[in-house]
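Student: What follows is a structure written as structure tokens; I'll ask about it next.
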Amino acid sequence: MNLMKQFSKEDIKLLSNAGINVEDIDYNKEELKKCELEIEEFIMSHSTKNGDIAKLSNQYSSILNTLVKGNK
């Protein structure tokens, strides 16, 4: 799966915010799984008190769903 072609510019910006450098290459299943885990770690590193985790979960849900589907 090529993440540059799969995601919108807004999604790529979110990925960048999570520390993922998106390149114009075909990612294999291991690389997609790594991206998925990095996003989950990024979300969980935030505070639950002010609702950051819930907000970030909503923002990244479609990206995570796409990565999970691409990893099957």
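The values are calculated or read from the model by the stated rules, or taken from the named source; none is laboratory data. Predicted model only: the values in this text are computed from it and were never measured. All Cβ positions, even for glycine, are placed from backbone atoms using ideal geometry, and neighbour counts span all protein chains on display. Side chains are part of the model used for accessible areas, which takes the heavy atoms of the whole protein and leaves out ligands, DNA and RNA. Shrake-Rupley method; radii C 1.70, N 1.55, O 1.52, S 1.80 Å.
Student: Karplus couplings for the stretch 54-60 from phi (6.51 cos²θ - 1.76 cosθ + 1.60, θ = phi - 60°), rounded to Hz, Gly and Pro as x?
Tutor: 5, 5, 5, 4, 5, 5, 9
Student: Tell me the mean residue ellipticity at 222 nm calculated for the chain from its helices only (DSSP H runs of n ≥ 4, each -39500 (n - 2.57), averaged over every residue, nearest 500).
Tutor: -20500 deg cm²/dmol
Student: For the pair residue 49 and residue 5, what calculated FRET efficiency results from E = 1/(1 + (r/R0)^6), where r is the Cβ-Cβ distance and R0 = 30 Å, to the nearest 0.05?
Tutor: 0.20
Student: Which links in 29/69; 29/55; 49/69; 9/49; 5/29 stretch past 20 Å when you go from one Cα to the other?
Tutor: In this structure, 29/55; 49/69; 9/49 lie more than 20 Å apart at Cα.
Student: Can you tell which of 55, 33, 13 shows the greatest fluctuation in a Gaussian network model of the chain with Cα springs below 10 Å?
Tutor: 55
Student: What list of ³J(HN,Hα) couplings, whole Hz, do you get for the stretch 21-31 from phi and the Karplus terms 6.51, -1.76, 1.60, once you set θ to phi - 60° and write x for glycine and proline?
Tutor: After applying 6.51 cos²θ - 1.76 cosθ + 1.60, I find 8, 7, 10, 7, 9, 8, 8, 7, 4, 5, 5 Hz.
Student: If I build a Gaussian network model for the chain, linking alpha-carbon pairs within less than 10 angstrom, which residue out of 53, 25, 43 has the largest mean-square fluctuation?
Tutor: Of 53, 25, 43, the most mobile in the Gaussian network model is 25.
Student: What distance in nm separates the simple spin-label points at residue 24 and residue 69, each placed 7 Å from Cα in the Cβ direction?
Tutor: 2.4
Student: Still on this model: Using a 1.4 angstrom probe, figure out how much accessible area the chain has per residue, in square angstrom, rounded to the nearest whole.
Tutor: 67
Student: From the phi of every residue in the stretch 33-40, what ³J(HN,Hα) in whole Hz does the Karplus formula 6.51 cos²θ - 1.76 cosθ + 1.60 yield, where θ is phi - 60° and glycine or proline is x?
Tutor: 5, 4, 4, 4, 5, 5, 5, 4
Student: Could I ask something else about it? Note the direction-averaged projected area, equal to a quarter of the hull surface, for the Cα convex hull of the chain, in nm². Kindly include the intermediate steps, with their values, before the conclusion.
Tutor: Numbers: hull surface 17.3 nm².
Averaged projected hull area, Cα only: 4.3 nm².
Student: Another question, if that's okay. Could you pull out every residue, at least 5 positions away or on a different chain, whose amide H is within less than 5 Å of the one on residue 2? Hs are placed 1.01 Å off N in the peptide plane, and Pro or chain starts have none.
Tutor: Hits under the 5 Å cutoff: 27.
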